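The values are calculated or read from the model by the stated rules, or taken from the named source; none is laboratory data. A quick note: this is a predicted structure, and the numbers were derived from the prediction, not measured. Methodologically, a virtual Cβ is constructed for each residue, glycine included, from the backbone with ideal geometry; neighbour enumeration extends over all protein chains shown. Ligands, DNA and RNA are stripped out before the accessible areas are found, and what is left, the full protein with its side chains, is counted by its heavy atoms. Shrake-Rupley method; radii C 1.70, N 1.55, O 1.52, S 1.80 Å.
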Amino acid sequence: MRVIGLMSGTSYDAIEAAAADLTLDGDILRLRPLGHLSRPYPGDLRDLIAATLPPAATTVQAVCALDTGIGQAFAAAARHALHELCDGSADLVVSHGQTMHHWVEDGTVRGTLQLGQPAWIAEATGLPVVSDLRSRDVAAGGQGAPLVAMTDTLLLRALPGTPAALNLGGIANITVVAPGTDPLAFDTGPANALLDAAVRHFTAGAAAYDEDGRGAAAGRTDPDLLAFLLNDPYYRRPAPKSTGKEHFHLPYLRRALDAVATPRPDDVLATLTRLTAVTVADACRGHGVTELVVSGGGVRNPELMRTIIEELPGVPVRSSDALGLPSDAKEALAFAVLGFLTVNGLPGTFPSGTGARRATLLGSITPGLLPLRLCDPAAHPPRLLRITH
(Lines give C-alpha, C1' and ligand atoms only; values in the text may rest on other atoms or scores of the structure.)
Protein backbone atom coordinates (compact mmCIF):
# COMPACT_ATOMS: atom_id res chain seq x y z
CA MET A 1 0.00 0.00 0.00
CA ARG A 2 1.30 3.44 -0.94
CA VAL A 3 0.64 5.93 1.85
CA ILE A 4 1.24 9.68 2.23
CA GLY A 5 1.73 10.95 5.78
CA LEU A 6 1.17 14.61 6.67
CA MET A 7 2.40 16.26 9.86
CA SER A 8 2.74 19.70 11.39
CA GLY A 9 4.16 19.80 14.89
CA THR A 10 3.91 22.20 17.79
CA SER A 11 6.41 24.54 16.12
CA TYR A 12 3.83 25.06 13.30
CA ASP A 13 6.51 26.27 10.90
CA ALA A 14 5.65 23.97 8.00
CA ILE A 15 3.71 20.93 6.85
CA GLU A 16 5.87 17.86 6.38
CA ALA A 17 4.77 15.28 3.83
CA ALA A 18 6.35 11.87 3.40
CA ALA A 19 5.38 8.93 1.21
CA ALA A 20 6.16 5.26 1.61
CA ASP A 21 5.25 1.84 0.33
CA LEU A 22 4.10 -0.26 3.29
CA THR A 23 3.71 -4.05 3.32
CA LEU A 24 2.82 -6.36 6.19
CA ASP A 25 4.84 -9.56 5.88
CA GLY A 26 4.00 -11.82 8.80
CA ASP A 27 5.18 -10.01 11.91
CA ILE A 28 7.40 -7.63 9.90
CA LEU A 29 6.18 -4.28 8.61
CA ARG A 30 8.29 -3.30 5.62
CA LEU A 31 8.57 0.40 4.83
CA ARG A 32 10.15 1.76 1.68
CA PRO A 33 10.50 5.56 1.86
CA LEU A 34 9.64 7.34 -1.38
CA GLY A 35 10.81 10.78 -0.30
CA HIS A 36 9.56 13.73 1.67
CA LEU A 37 8.93 17.42 1.22
CA SER A 38 8.18 20.44 3.36
CA ARG A 39 5.60 23.14 2.61
CA PRO A 40 5.69 26.34 4.71
CA TYR A 41 2.37 27.59 5.98
CA PRO A 42 1.16 30.75 4.23
CA GLY A 43 2.19 33.70 6.34
CA ASP A 44 -1.33 34.84 7.18
CA LEU A 45 -2.34 31.33 8.24
CA ARG A 46 0.74 30.93 10.39
CA ASP A 47 -0.01 34.28 12.03
CA LEU A 48 -3.57 33.15 12.77
CA ILE A 49 -2.31 29.90 14.32
CA ALA A 50 0.09 31.89 16.50
CA ALA A 51 -2.66 34.31 17.53
CA THR A 52 -5.05 31.49 18.43
CA LEU A 53 -2.80 29.11 20.36
CA PRO A 54 -3.13 29.07 24.16
CA PRO A 55 -3.02 31.09 26.29
CA ALA A 56 -4.63 33.46 23.76
CA ALA A 57 -8.40 33.94 23.68
CA THR A 58 -10.16 33.17 20.43
CA THR A 59 -13.53 32.93 18.68
CA VAL A 60 -15.47 30.15 17.00
CA GLN A 61 -15.07 32.07 13.74
CA ALA A 62 -11.27 31.92 14.10
CA VAL A 63 -11.43 28.20 14.84
CA CYS A 64 -13.59 27.65 11.75
CA ALA A 65 -11.19 29.72 9.63
CA LEU A 66 -8.26 27.67 10.94
CA ASP A 67 -10.00 24.34 10.31
CA THR A 68 -10.56 25.38 6.70
CA GLY A 69 -7.23 27.12 6.13
CA ILE A 70 -5.16 24.32 7.66
CA GLY A 71 -7.19 21.73 5.75
CA GLN A 72 -6.52 23.55 2.49
CA ALA A 73 -2.80 23.89 3.29
CA PHE A 74 -2.58 20.17 4.09
CA ALA A 75 -4.49 19.41 0.89
CA ALA A 76 -1.95 21.38 -1.15
CA ALA A 77 0.93 19.51 0.55
CA ALA A 78 -0.78 16.18 -0.13
CA ARG A 79 -1.33 17.05 -3.77
CA HIS A 80 2.36 17.95 -4.18
CA ALA A 81 3.40 14.73 -2.46
CA LEU A 82 1.09 12.68 -4.67
CA HIS A 83 2.64 14.05 -7.86
CA GLU A 84 6.24 14.67 -6.77
CA LEU A 85 6.83 11.61 -4.56
CA CYS A 86 4.32 9.04 -5.82
CA ASP A 87 4.14 9.62 -9.59
CA GLY A 88 0.47 10.45 -9.19
CA SER A 89 -0.53 7.12 -7.65
CA ALA A 90 -1.23 6.39 -3.96
CA ASP A 91 -3.79 4.53 -1.86
CA LEU A 92 -4.18 6.57 1.32
CA VAL A 93 -3.41 9.89 2.96
CA VAL A 94 -2.92 10.16 6.72
CA SER A 95 -3.20 13.62 8.22
CA HIS A 96 -2.17 14.53 11.73
CA GLY A 97 -3.52 18.07 11.36
CA GLN A 98 -2.35 20.95 13.52
CA THR A 99 -2.61 20.58 17.27
CA MET A 100 -4.30 23.66 18.68
CA HIS A 101 -5.01 22.46 22.19
CA HIS A 102 -4.06 19.45 24.32
CA TRP A 103 -6.30 19.64 27.38
CA VAL A 104 -4.52 18.25 30.45
CA GLU A 105 -5.79 18.54 34.03
CA ASP A 106 -3.78 17.08 36.94
CA GLY A 107 -1.97 14.77 34.55
CA THR A 108 -5.16 13.48 32.90
CA VAL A 109 -5.87 14.33 29.28
CA ARG A 110 -9.49 15.46 28.97
CA GLY A 111 -9.41 16.16 25.23
CA THR A 112 -7.21 17.08 22.31
CA LEU A 113 -7.92 19.25 19.26
CA GLN A 114 -6.19 18.94 15.90
CA LEU A 115 -7.56 21.21 13.18
CA GLY A 116 -7.36 20.76 9.41
CA GLN A 117 -10.60 19.55 7.83
CA PRO A 118 -9.75 16.28 6.00
CA ALA A 119 -12.49 16.80 3.39
CA TRP A 120 -10.21 19.30 1.65
CA ILE A 121 -7.48 16.65 1.38
CA ALA A 122 -9.87 14.01 0.07
CA GLU A 123 -11.28 16.44 -2.48
CA ALA A 124 -7.83 17.58 -3.66
CA THR A 125 -6.33 14.09 -4.02
CA GLY A 126 -9.34 11.83 -4.56
CA LEU A 127 -7.88 9.53 -1.88
CA PRO A 128 -9.34 8.34 1.42
CA VAL A 129 -7.94 10.18 4.44
CA VAL A 130 -7.32 8.94 7.97
CA SER A 131 -7.32 11.86 10.42
CA ASP A 132 -7.96 12.79 14.08
CA LEU A 133 -5.70 10.01 15.27
CA ARG A 134 -5.30 11.11 18.90
CA SER A 135 -8.91 11.34 20.10
CA ARG A 136 -9.68 7.61 20.28
CA ASP A 137 -6.74 6.96 22.60
CA VAL A 138 -7.89 9.83 24.83
CA ALA A 139 -11.40 8.37 24.91
CA ALA A 140 -9.84 5.07 26.06
CA GLY A 141 -8.19 6.87 28.99
CA GLY A 142 -4.83 7.53 27.33
CA GLN A 143 -2.72 10.61 26.86
CA GLY A 144 -3.22 10.65 23.10
CA ALA A 145 0.54 11.15 22.87
CA PRO A 146 3.22 10.44 21.89
CA LEU A 147 1.79 8.50 18.96
CA VAL A 148 5.20 8.03 17.32
CA ALA A 149 5.78 5.33 19.94
CA MET A 150 4.39 2.58 17.70
CA THR A 151 6.86 3.28 14.89
CA ASP A 152 9.68 3.84 17.39
CA THR A 153 9.01 0.54 19.12
CA LEU A 154 8.82 -1.50 15.92
CA LEU A 155 12.12 0.05 14.80
CA LEU A 156 14.00 -0.19 18.11
CA ARG A 157 13.12 -3.82 18.86
CA ALA A 158 15.89 -4.94 16.50
CA LEU A 159 18.53 -3.12 18.58
CA PRO A 160 20.40 -4.58 21.58
CA GLY A 161 20.26 -3.28 25.14
CA THR A 162 17.67 -0.68 26.11
CA PRO A 163 17.44 1.67 23.14
CA ALA A 164 15.30 4.82 23.13
CA ALA A 165 14.01 7.09 20.40
CA LEU A 166 13.91 10.83 21.02
CA ASN A 167 11.91 13.25 18.92
CA LEU A 168 12.86 16.92 19.21
CA GLY A 169 9.97 19.06 18.01
CA GLY A 170 8.32 21.85 19.93
CA ILE A 171 8.00 19.28 22.70
CA ALA A 172 10.50 16.46 23.26
CA ASN A 173 9.18 12.92 23.54
CA ILE A 174 10.91 9.64 24.16
CA THR A 175 10.13 5.96 23.57
CA VAL A 176 12.06 3.38 25.63
CA VAL A 177 12.15 -0.27 24.59
CA ALA A 178 13.67 -2.37 27.38
CA PRO A 179 13.99 -6.14 26.93
CA GLY A 180 11.26 -8.20 28.55
CA THR A 181 8.98 -5.22 29.30
CA ASP A 182 6.29 -3.26 27.52
CA PRO A 183 7.48 -0.12 25.71
CA LEU A 184 7.24 3.18 27.55
CA ALA A 185 6.65 6.56 25.90
CA PHE A 186 6.13 10.08 27.23
CA ASP A 187 6.84 13.76 26.69
CA THR A 188 9.98 14.77 28.57
CA GLY A 189 9.26 18.51 28.35
CA PRO A 190 10.02 21.38 25.98
CA ALA A 191 12.45 21.06 23.09
CA ASN A 192 12.02 23.99 20.72
CA ALA A 193 8.85 25.45 22.29
CA LEU A 194 10.51 27.75 24.81
CA LEU A 195 13.58 28.37 22.62
CA ASP A 196 11.42 29.60 19.75
CA ALA A 197 9.30 31.71 22.10
CA ALA A 198 12.42 33.31 23.55
CA VAL A 199 13.89 34.13 20.14
CA ARG A 200 10.66 35.75 18.97
CA HIS A 201 10.48 37.70 22.23
CA PHE A 202 14.06 38.98 22.18
CA THR A 203 14.00 39.86 18.48
CA ALA A 204 10.48 41.36 18.54
CA GLY A 205 9.44 38.74 15.98
CA ALA A 206 12.29 39.40 13.55
CA ALA A 207 13.56 35.81 14.02
CA ALA A 208 11.54 32.68 14.67
CA TYR A 209 14.18 30.32 16.04
CA ASP A 210 17.80 30.08 17.16
CA GLU A 211 19.40 29.24 13.81
CA ASP A 212 22.03 26.50 14.19
CA GLY A 213 21.94 27.14 17.95
CA ARG A 214 24.23 30.14 17.52
CA GLY A 215 22.60 32.22 20.23
CA ALA A 216 22.78 29.40 22.76
CA ALA A 217 26.38 28.66 21.79
CA ALA A 218 27.29 32.30 22.46
CA GLY A 219 25.70 32.23 25.92
CA ARG A 220 26.24 30.50 29.23
CA THR A 221 23.80 28.47 31.30
CA ASP A 222 22.35 30.54 34.14
CA PRO A 223 22.16 28.16 37.15
CA ASP A 224 19.44 30.13 38.95
CA LEU A 225 17.17 30.25 35.91
CA LEU A 226 17.80 26.57 35.17
CA ALA A 227 16.97 25.61 38.76
CA PHE A 228 13.76 27.65 38.64
CA LEU A 229 12.66 26.00 35.39
CA LEU A 230 13.53 22.49 36.59
CA ASN A 231 11.29 23.01 39.61
CA ASP A 232 8.22 22.61 37.37
CA PRO A 233 6.08 19.76 38.80
CA TYR A 234 5.68 18.26 35.32
CA TYR A 235 9.14 16.76 35.44
CA ARG A 236 8.32 14.83 38.62
CA ARG A 237 5.15 13.24 37.30
CA PRO A 238 5.42 9.55 36.43
CA ALA A 239 5.01 8.35 32.86
CA PRO A 240 2.91 8.01 30.78
CA LYS A 241 2.45 11.78 30.56
CA SER A 242 2.12 14.43 27.90
CA THR A 243 2.31 18.20 27.63
CA GLY A 244 2.35 20.94 25.03
CA LYS A 245 2.42 24.65 24.32
CA GLU A 246 -0.63 25.02 26.53
CA HIS A 247 1.94 24.78 29.34
CA PHE A 248 5.28 25.77 27.84
CA HIS A 249 4.68 29.13 26.17
CA LEU A 250 5.95 32.72 26.25
CA PRO A 251 3.99 33.83 29.35
CA TYR A 252 5.41 30.79 31.17
CA LEU A 253 8.92 31.88 30.19
CA ARG A 254 8.28 35.50 31.09
CA ARG A 255 7.15 34.48 34.58
CA ALA A 256 10.43 32.64 35.00
CA LEU A 257 12.43 35.64 33.79
CA ASP A 258 10.49 37.87 36.18
CA ALA A 259 11.28 35.55 39.09
CA VAL A 260 15.02 35.33 38.39
CA ALA A 261 17.43 38.16 37.68
CA THR A 262 17.19 38.23 33.90
CA PRO A 263 20.44 37.20 32.22
CA ARG A 264 21.51 38.20 28.70
CA PRO A 265 19.34 36.88 25.86
CA ASP A 266 22.05 34.47 24.73
CA ASP A 267 22.30 33.16 28.30
CA VAL A 268 18.55 32.54 28.30
CA LEU A 269 18.88 30.53 25.06
CA ALA A 270 21.80 28.57 26.50
CA THR A 271 19.78 27.84 29.63
CA LEU A 272 16.73 26.71 27.70
CA THR A 273 18.92 24.46 25.55
CA ARG A 274 20.40 23.00 28.73
CA LEU A 275 16.89 22.52 30.15
CA THR A 276 15.94 20.29 27.22
CA ALA A 277 19.19 18.33 27.48
CA VAL A 278 18.91 17.83 31.24
CA THR A 279 15.29 16.69 31.17
CA VAL A 280 15.99 14.31 28.26
CA ALA A 281 19.07 12.93 30.02
CA ASP A 282 17.19 12.49 33.31
CA ALA A 283 14.51 10.51 31.47
CA CYS A 284 17.14 8.32 29.80
CA ARG A 285 19.01 7.64 33.04
CA GLY A 286 15.77 6.93 34.86
CA HIS A 287 15.00 4.09 32.46
CA GLY A 288 18.49 2.70 31.87
CA VAL A 289 18.76 3.78 28.25
CA THR A 290 21.87 2.38 26.52
CA GLU A 291 21.48 4.08 23.11
CA LEU A 292 19.56 7.14 21.93
CA VAL A 293 18.21 7.53 18.39
CA VAL A 294 17.20 11.13 17.65
CA SER A 295 14.89 12.69 15.07
CA GLY A 296 12.89 15.89 14.54
CA GLY A 297 13.79 19.48 13.85
CA GLY A 298 16.07 19.68 16.87
CA VAL A 299 18.53 17.38 15.11
CA ARG A 300 19.44 20.39 12.94
CA ASN A 301 20.46 22.39 16.04
CA PRO A 302 24.11 21.42 16.63
CA GLU A 303 24.25 23.16 20.02
CA LEU A 304 21.21 21.26 21.28
CA MET A 305 22.65 17.96 20.06
CA ARG A 306 26.05 18.78 21.60
CA THR A 307 24.43 19.57 24.94
CA ILE A 308 22.37 16.36 24.96
CA ILE A 309 25.49 14.31 24.22
CA GLU A 310 27.32 16.18 27.00
CA GLU A 311 24.54 15.33 29.47
CA LEU A 312 24.62 11.63 28.49
CA PRO A 313 28.26 10.53 28.76
CA GLY A 314 28.73 6.92 27.73
CA VAL A 315 25.41 6.70 25.87
CA PRO A 316 25.77 6.59 22.06
CA VAL A 317 23.59 9.23 20.39
CA ARG A 318 22.81 9.03 16.67
CA SER A 319 20.24 10.24 14.20
CA SER A 320 17.43 7.98 12.98
CA ASP A 321 18.96 8.46 9.50
CA ALA A 322 21.55 5.89 10.57
CA LEU A 323 18.74 3.33 10.79
CA GLY A 324 17.33 4.29 7.38
CA LEU A 325 14.50 6.46 8.72
CA PRO A 326 14.97 10.10 7.62
CA SER A 327 15.00 12.25 10.76
CA ASP A 328 13.23 15.14 9.01
CA ALA A 329 10.43 12.86 7.85
CA LYS A 330 10.10 10.47 10.77
CA GLU A 331 6.93 11.92 12.26
CA ALA A 332 5.17 12.11 8.89
CA LEU A 333 6.22 8.51 8.18
CA ALA A 334 5.09 7.49 11.68
CA PHE A 335 1.61 8.80 10.95
CA ALA A 336 1.64 7.02 7.59
CA VAL A 337 2.30 3.82 9.56
CA LEU A 338 -0.59 4.57 11.94
CA GLY A 339 -3.02 5.12 9.08
CA PHE A 340 -1.84 1.90 7.43
CA LEU A 341 -2.49 0.01 10.67
CA THR A 342 -5.96 1.56 10.97
CA VAL A 343 -7.15 0.50 7.51
CA ASN A 344 -5.74 -2.97 8.19
CA GLY A 345 -7.77 -3.25 11.39
CA LEU A 346 -4.78 -3.01 13.72
CA PRO A 347 -4.30 -0.84 16.82
CA GLY A 348 -1.85 2.06 16.68
CA THR A 349 -0.99 2.40 20.37
CA PHE A 350 0.53 0.52 23.28
CA PRO A 351 -1.37 1.01 26.56
CA SER A 352 2.00 1.19 28.31
CA GLY A 353 2.94 4.09 26.04
CA THR A 354 -0.14 6.27 26.46
CA GLY A 355 -1.74 4.95 29.64
CA ALA A 356 -4.95 3.91 27.86
CA ARG A 357 -7.09 1.05 29.15
CA ARG A 358 -6.51 -0.84 25.92
CA ALA A 359 -4.87 -0.56 22.53
CA THR A 360 -7.22 1.12 20.06
CA LEU A 361 -7.77 1.57 16.37
CA LEU A 362 -6.96 5.20 15.69
CA GLY A 363 -8.60 7.92 13.66
CA SER A 364 -11.60 8.66 11.48
CA ILE A 365 -11.74 7.88 7.76
CA THR A 366 -12.95 10.31 5.10
CA PRO A 367 -13.72 8.58 1.77
CA GLY A 368 -12.05 9.71 -1.44
CA LEU A 369 -13.67 9.88 -4.85
CA LEU A 370 -14.26 6.12 -5.07
CA PRO A 371 -16.38 3.99 -2.75
CA LEU A 372 -14.50 3.28 0.47
CA ARG A 373 -13.06 -0.24 0.54
CA LEU A 374 -11.12 -1.26 3.63
CA CYS A 375 -8.60 -4.08 3.73
CA ASP A 376 -9.46 -7.39 5.31
CA PRO A 377 -8.28 -7.22 8.94
CA ALA A 378 -4.72 -8.41 9.37
CA ALA A 379 -4.27 -11.62 11.33
CA HIS A 380 -1.90 -10.11 13.88
CA PRO A 381 0.04 -6.88 14.46
CA PRO A 382 3.65 -6.42 13.36
CA ARG A 383 6.48 -6.87 15.80
CA LEU A 384 9.33 -5.30 13.82
CA LEU A 385 9.77 -2.49 11.29
CA ARG A 386 12.24 -3.02 8.46
CA ILE A 387 13.30 -0.09 6.29
CA THR A 388 14.02 -1.01 2.68
CA HIS A 389 15.36 1.11 -0.18
Checklist entry - How many residues, within the stretch 130-187, are surrounded by fewer than 24 Cβ atoms within 10 Å (Cβ to Cβ), modelled with pLDDT under 95 and of a type in the set (A, V, I, L, M, F, W, C)? => result 1
Checklist entry - Across the stretch 58-72, which residue is nearest to A124 (Cα to Cα) among those that are touching a strand residue (DSSP E or B) at 6+ places or on another chain (Cβ under 8 Å) and of a type in the set (A, V, I, L, M)? => result I70
Checklist entry - What residue, among those in the stretch 1-29 that are among the acidic types (D, E) and in a strand (DSSP E or B), is farthest from P190 (Cα to Cα)? => result D25
Checklist outcome for this item: Per the filter on the stretch 81-110, residues over 25 Å from P367 (Cβ atoms), in a loop (DSSP other than H, G, I, E, B) and open to solvent by less than 70 Å² (accessible area, probe 1.4 Å) are G107
Checklist entry - What pairs can you find where one residue is in the stretch 59-75 and within 24 Å of V130 (Cβ to Cβ), the other is charged (D, E, K, R) and surrounded by fewer than 15 Cβ atoms within 10 Å (Cβ to Cβ), and their Cβ atoms are less than 9 Å apart, with a gap of 6+ or different chains? => result G69/D44
Next on the checklist: For the stretch 296-353, give me the residue count where each residue is more than 27 Å from L275 (Cα to Cα) and more than 17 Å from the chain's Cα centre (by Cα).
Outcome noted: 11
Item to check | Residue satisfying all of: in the stretch 43-58; within 21 Å of the chain's Cα centre (by Cα) and part of a loop (DSSP other than H, G, I, E, B); farthest from T388 (Cα to Cα) among these | outcome: P55
